[in-house]
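What follows draws every value from the coordinates through simple rules; no lab data is involved. It should be emphasised that the depicted structure is a prediction, and the values quoted were computed from it without experimental measurement. Note that we place each Cβ from the backbone using ideal geometry, even for glycine, and neighbour counts take in every protein chain shown.
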Amino acid sequence: MTDNSVNQRKVLAVVTNYGVEQDELLVPVDRLRGAGAQVDVAAVSMDDIVTLVGDKDPGKTVRPDLTLADADPAAYDLLLIPGGTLNADTLRLQSAATGIVRSFTDSGRPVAAICHGPWALVEAGVVADKRMTSYASLRTDIRNAGGEWTDEPVVTDGSGGWTLITSRNPGDLEPFVREIDTVLAAGT
């Protein structure tokens, strides 16, 4: 990434306070911040975010910047939804999170979700007719919600008036972050 590509862009990452996959949150956040983007991490509460590695081993603890309820989606250029099974399963039950997702998609702004993160998109009812990927166990959920699931490292779908970037797991972080950078640099 170059400083010019995402400099002054604003990204909102949404998570719960326990169970987000460490690298799926920290790698994109650190890279985007390093490239000059403002990235805010919104959690359910202002308590520390306890990340996990591989859905089981303790990871780093992160301080949220704000709560989901206090986040103003209109202030951001892109929504980032990291995975982690526990995080994603709890996040999709948060009405503030699904409301944020719908705010982005309704206004035509891009959403990037990795691993189990697309569960929030399914719950928000926005995956119909979208081509996407995810952790393999979400395949049926995505198809049942009207999406087209594929097994690829990163999938970008610009149909339906908004751009969706998805990846399968932490092993796909390089192409995932590269695609976020591309979309932010394009200003879409």
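All of (1) in contact with a Ser or Thr (Cβ under 8 Å, 6 or more places away or on another chain); (2) more than 29 Å from G36 (Cβ to Cβ); (3) surrounded by fewer than 18 Cβ atoms within 10 Å (Cβ to Cβ) hold for R143 with one exception: (1). Given the conditions (1) under 16 Å from the mean Cα position of the chain (by Cα); (2) assigned to a helix (DSSP H, G or I), which single one is not true for D141? With respect to (1) under 16 Å from the mean Cα position of the chain (by Cα); (2) assigned to a helix (DSSP H, G or I), D141 is out only on (1).
Could you check, for the stretch 33-50, whether at least one of its residues is out of contact with any Cys (no Cβ under 6 Å at 6 or more places or on another chain) and touching a residue at least 60 places away in the same chain (Cβ under 8 Å)? Yes, there is a match, as at least one residue in the stretch 33-50 is out of contact with any Cys (no Cβ under 6 Å at 6 or more places or on another chain) and touching a residue at least 60 places away in the same chain (Cβ under 8 Å).
Scanning the stretch 131-157 for residues that are in contact with a Phe, Trp or Tyr (Cβ under 8 Å, 6 or more places away or on another chain), free of Cβ contacts under 8 Å to residues at least 24 places away in the same chain and either under 11 Å from P118 (Cα atoms) or among the acidic types (D, E) (or both) yields L138, R139, D141. Can you find a residue in the stretch 100-111 that is of a type in the set (S, T, N, Q) and under 23 Å from D57 (Cβ atoms)? Checking the stretch 100-111: not a single residue is of a type in the set (S, T, N, Q) and under 23 Å from D57 (Cβ atoms). Note on the stretch 123-140: among residues that are surrounded by 16 or more Cβ atoms within 10 Å (Cβ to Cβ) and among the polar types (S, T, N, Q), the one that is nearest to T85 (Cα to Cα) is S134. Out of L93, L80, L68, one residue alone is in contact (Cβ under 8 Å) with a residue 40 or more places away in the chain and farther than 22 Å from E174 by Cα. It is L68.
Every residue, every condition in (1) of a type outside the set (A, V, I, L, M); (2) not in a strand (DSSP E or B), yes or no:
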residue	(1), (2)
V155	no, no
G171	yes, yes
I180	no, yes
L184	no, yes
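When N169 is tested against (1) surrounded by 19 or more Cβ atoms within 10 Å (Cβ to Cβ); (2) more than 20 Å from E21 (Cα to Cα); (3) touching a Phe, Trp or Tyr at 6+ places or on another chain (Cβ under 7 Å), just one condition goes unmet, and that condition is (2).
Would a scan of the stretch 27-42 turn up a residue that is within 22 Å of W119 (Cα to Cα), part of a helix (DSSP H, G or I) and aliphatic (A, V, I, L, M)? Yes, the stretch 27-42 has at least one match.
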